[in-house]
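Enquirer: The structure's right below; bear with me while I get my questions together.
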Amino acid sequence: VTQALADLRGIIPFVTNYLRNVDAHVGAMAGAVSGVRSVFVTGRGASLATAGTGGLILKESTRRHAEGMSSAGFRHGPLEMVGPDVQVLVCAGGLSVAGLHRRLVGDIIQAGGRAALIGAGDDIEEVFKVPEVPDSLLPLVEILPVQVLSLALAARDGIEAGRFQRASKITTQE
């Protein structure tokens, strides 16, 4: 518990700074979303939580097709959908899988799609850069660029991100 709390406290400065600059991040992503019709968020291990939640957030907040899935699952089907109107956010995840994800990003771009790697490293675009953290904390930092993408897509389409038309934010039993 002591280590978990220390790890959580360690990401506070990153999250604070990232959110402080959210308008700049949305602006940086604005040009990249031109023409995007479908979005996939992929990952492995702990990053699967980011992928699943990210797909749901994007669908709800942008009213666009979005799916969260494993990177391996994406390779075995949706990779065939890749084109200039498809954006894929690939969560780099831990060190043991980051190389696989870098290759996936390259394959998507080579196939004519749009892809961005969410992770740590000097070669990561600033808006998609997250700190190196224990795998258990990856979803807490990886979800931030996904949320920024939802804001950029909603702004592009002239809608308020997250404003529901047919559903409510609370699920009840009927």
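Enquirer: Out of the residues in segment 128-140 meeting the condition of being part of a helix (DSSP H, G or I) and surrounded by fewer than 22 Cβ atoms within 10 Å (Cβ to Cβ), tell me which one is nearest to the chain's Cα centre (by Cα).
Expert: If we filter segment 128-140 for residues that are part of a helix (DSSP H, G or I), which is where we start, we get 128, 135-140.
Okay, now just the ones that are also surrounded by fewer than 22 Cβ atoms within 10 Å (Cβ to Cβ), so 135-137, 139-140.
Numbers: Asp135: 16, Ser136: 17, Leu137: 15, Pro139: 10, Leu140: 11 Å.
Here the answer is Pro139.
Enquirer: Looking at Ser38, is it over 23 Å from Leu137 (Cα atoms), in contact with a strand residue (DSSP E or B) (Cβ under 7 Å, 6 or more places away or on another chain) and of a type in the set (S, T, N, Q)?
Expert: The answer is yes for Ser38.
Enquirer: Considering only segment 101-120, I want to know if a residue exists there that is part of a helix (DSSP H, G or I), under 18 Å from Gly31 (Cβ atoms) and of a type in the set (D, E, K, R). Before you say what the answer is, go through the steps one by one.
Expert: Initial filter on segment 101-120 (part of a helix (DSSP H, G or I)): 101-110.
The next check asks that each one be under 18 Å from Gly31 (Cβ atoms); those that pass are 109.
From the residues that got through so far, the ones that are of a type in the set (D, E, K, R) too are none.
No, segment 101-120 has no match at all.
Enquirer: Return the pairs, sorted by first residue and then second, in which the second residue is among the polar types (S, T, N, Q) and open to solvent by 60 Å² or more (accessible area, probe 1.4 Å), the first residue lies in segment 1-18 and is within 10 Å of Pro131 (Cβ to Cβ), the beta carbons are less than 7 Å apart, and the residues are 6+ apart or on different chains.
Expert: That search, which allows pairs on different chains as well, returns nothing.
Enquirer: Next question. Return the residues of segment 102-123 that are exposed (fewer than 14 other Cβ atoms within 10 Å of the Cβ) and free of Cβ contacts under 8 Å to residues at least 24 places away in the same chain; say none if nothing qualifies.
Expert: If the condition is that a residue be exposed (fewer than 14 other Cβ atoms within 10 Å of the Cβ) and free of Cβ contacts under 8 Å to residues at least 24 places away in the same chain, then Arg103, Gly106, Gln110, Asp122, Asp123 are the ones that fit.
Enquirer: If you don't mind, another one. What do you reckon, is Gly94 small (Gly, Ala, Ser), without any contact (Cβ under 8 Å) to a residue 24 or more places away in the chain, over 15 Å from Ala116 (Cβ atoms) and open to solvent by less than 40 Å² (accessible area, probe 1.4 Å)?
Expert: So Gly94 fails the test.
Enquirer: Here's a follow-up. Mind listing just one residue for me: the one in segment 1-44 that is polar (S, T, N, Q) and under 21 Å from Leu151 (Cα atoms) and, of those, least open to solvent (accessible area, probe 1.4 Å)?
Expert: Per the stated criteria, the residue is Thr42.
Enquirer: Based on what the data block shows, is Thr50 in contact (Cβ under 8 Å) with a residue 60 or more places away in the chain and touching a Cys at 6+ places or on another chain (Cβ under 6 Å)? Steps first, answer last, please.
Expert: Details: in contact (Cβ under 8 Å) with a residue 60 or more places away in the chain: yes; touching a Cys at 6+ places or on another chain (Cβ under 6 Å): yes.
Answer is yes for this residue.
Enquirer: A further question on this structure: For segment 45-66, which residues satisfy the criterion of being surrounded by fewer than 21 Cβ atoms within 10 Å (Cβ to Cβ), on the phi < 0 side of the Ramachandran plot and of a type outside the set (A, V, I, L, M, F, W, C)?
Expert: Within segment 45-66, Gly52, Thr53, Lys59, Glu60, Arg64, His65 meet the criteria.
The values are calculated or read from the model by the stated rules, or taken from the named source; none is laboratory data. Being a predicted model, the structure only gives us computed values, none of them experimental. Please note: Cβ atoms are built from the backbone with ideal geometry, for glycine as well, and neighbour counts cover all protein chains shown. Just the protein is used for accessible areas: all its heavy atoms, side chains included, with ligands, DNA and RNA removed. Shrake-Rupley method; radii C 1.70, N 1.55, O 1.52, S 1.80 Å.
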